[in-house]
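Take a look at the structure set out below.
The values are calculated or read from the model by the stated rules, or taken from the named source; none is laboratory data. Keep in mind that this is a model prediction, so the values were computed, not measured. We place every Cβ from the backbone using ideal geometry, glycine too, and count neighbours over all the protein chains shown. Ligands, DNA and RNA are excluded from the accessible area calculation, which covers all protein heavy atoms including side chains. Shrake-Rupley method; radii C 1.70, N 1.55, O 1.52, S 1.80 Å.
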Amino acid sequence: MDQVFNFDKSLQQRLKEYKDVFDGFEILPASGLMKEWGFYLELTLDPNGWQAVWKISRTTCDSLKIPFPTIVLVIVLDVDFTSLQALVKVIAVQDESHVIPEKHYVPLIQLWPTKAQDKTVALNLSSTANVIDMVRFFYIHLFMPWDFDDDDNADWRSKHLESRLRLYYDMKNGVIPKATSLRLNSLLTEARRMQNKKELIELELEETAIAEDSNGKYIDELTDIHLRLMEIKCEVEILENPLLRKAFLRRQQQLQLVNTEDVQEPRIWLIQENGQVDSYLKFLEQVKMLYPNEKVIVQPNLSQTLENGGPNDSFILSEGKYEVNVITTLENGVILKGIGNRDNIILDSMLDDIMLDFQVDHCLVENVTLNASASQCAAVIRKGKVTFSNCKIIGDGVSTIHQGIIVLAGAELELINCEMYGFYIALVGNSGSRVTMQNTEIHNVHYGLKIYDNSLINVHKCTFRNCKDYGVCVETEKSLSGENHKIGDFDVLNIIPQVTTEFVSGVNNGKGDVLINRASQINAVEDLFSKCDPTVSMEASDEDMMAEDDGTGDIGSEFDKTVIENNRNMSPATV
């Protein structure tokens, strides 16, 4: 987004900046970091009067009952340097139909100062934008959830600062293999989710009188969380240490070479849950019809097997329920196929992030049910072509932030004989994406299909029914003959050259089958104070204040039309 400040700094630039922040201490424990940031910000950050874009986090959108993403323009009324938060007032909302409270406490790292500002206000804007970038990068990429529990006698700066910076830049520059980077990001996302959950439980125990049996349940849950955080910490610290990282990557490379030499052709993995002999025999008979002469490998755990699989492997699932316990990134050419009734072949996940993450040339998911009711998103397609055939994809049916499948620029999605329901937005085609739908039904969502300019869409023999808002929503920056939006049946889509529809029906869609909406742009106000607007005050108003969430929400890393967020997130509000 051109109107906000963006920074692309080298490792040495970042290292020098952080050494300047934390200079003057022989020992600076993790518990003292936030205080030092507060001191530094008081010297470098304008305390009020500047405008910024606030891309509201998923969790805040959920609590406000507004869709994600929602972007607003705010003015900073005050900065609390001790908590690294700002009191802001909303000036403009990108979608005017979304009504939100006027004032909020927002973590500084969720604000992007705009280049344009009120000309009557004297600001040190470059310094303000730069220091917010420093804080944001620090808490997203360098501060880990387990740092909260570090010994106060340990020096965080000498122990972690440079090593974690080098780890980040090694990942960014491709020194660390892609698969290892994806694994690391997945672990850190899980760790932050665990930390947030741990804090909520501890707060509940402190503030609420809980029955003894419930108290025991909470203690058990906290114990499990501590154990999992320790496991993740051990794995991440191996990669953080330069010598251990070098040895680890060398061993991974050797194992990969051995596996490549042993595997002469794509493998067929049979995934069968524990069960009775008859269910095994039935499954094997069905497999035999598909692969009468091929060699197969039998495994009980889907997640572990996917990690051990390679390009062009096939994973055949029997009827049963399979838990996806880490963000699963499928390899190129993989086939994930269920045998039997798709309603009985369920991929379940307790992750509140992304369930399936595709970065492939091509991949097929067939005859399974994805239960993404606990996840923010069922699947993200980042590159290549992914086909879902005869699949059911289910959301929670309640949240305003849950999305089904997101297709990013340059990626392609094909839906054949599928059913999707229970999401706020079932399917998102970003600018530059390609989506093909055939014999597919989307129902009981707010928006069935949401697309942006320059996305190629082909919809054939599909149904959109019981959509609370619209079956199809097109967000465009192009002129609509003097109108801001058009509403109608699917014939309205004929004015969009990249969209092709044939035999598409809409049934009982709340506001209409199709909305074509001209997207409004949020621009900084250059004469905000010249008219002496009495609604803009530099003092907090308790009665209309909306407390920001505890900072556990994701931090948006871009302001284009991409509707997913950076998975590596952490707000200083939780420190």
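Some points to look at:
- Normalised by 2.2 N^0.38 Å, where N is the number of residues, the C-alpha radius of gyration of the stretch 136-183 stands at 1.28.
- Distance from the stretch 222-238 to the stretch 58-97 (C-alpha centre basis), Å: 33 Å
- Long-range amide H partners of Leu45 with built H, under 5 Å: none
- Each label point was placed 7 Å from the Cα along the Cα-to-Cβ direction; for Asn293 and Glu273 their separation is 3.5 nm.
- Charge-dipole axis of the chain as Lys and Arg at +1 and Asp and Glu at -1 on Cβ define it, positive-most pick from Thr223, Ala179, Val21: Ala179
- Projected over all directions and averaged, the alpha-carbon convex hull of the stretch 368-499 occupies 7.4 nm².
- Remark on the stretch 1-149: hydrodynamic radius 16.5 angstrom, per the Kirkwood mean of 1/r across alpha carbon pairs.
- Ratio of the Cα radius of gyration of the stretch 41-116 to 2.2 N^0.38 Å, where N counts its residues: 1.07
- Residue among Val99, Gln195, Thr387 farthest towards the positive dipole end of the chain, charges placed on Cβ: Thr387
- Taking every DSSP bridge with both residues inside the chain, close to 25 percent are antiparallel.
- Peptides 445-453, 83-91, 402-410 ordered by packing proxy, namely the average of other Cβ atoms within 10 Å per residue, highest first: 445-453, 402-410, 83-91.
- For the stretch 305-413, the C-alpha radius of gyration divided by 2.2 N^0.38 Å, with N the number of residues, is 0.98.
- Per residue, the convex hull spanned by the Cα atoms of the stretch 72-228 measures out at 213 cubic angstrom.
- Candidate lysines for bridging to Lys282, where Cα separation is under 25 Å - those fewer than 8 sequence places away on the same chain excluded: Lys295, Lys321, Lys337, Lys392
- Between the labelled values (i) 40, 33, 22; (ii) 40, 30, 26; (iii) 50, 25, 21, the entry that holds semi-axes √(5λ) of the Cα gyration tensor in Å as derived from this structure is (i).
- Here the dipole of the chain is about 1980 debye; that uses its Cα centre as origin and unit charges on the Cβ of Lys and Arg (positive) and Asp and Glu (negative).
- Solvent-accessible area, 1.4 Å probe, carbon plus sulfur percent, for the chain: 48 percent
- When the P(r) is computed for the stretch 408-478, the part past 13 Å accounts for 61% of the Cα-Cα pairs.
- Translational D in µm²/s for the stretch 301-369 (Stokes-Einstein at 37 °C, 0.692 mPa s, Kirkwood Rh from C-alpha pairs): 270 µm²/s
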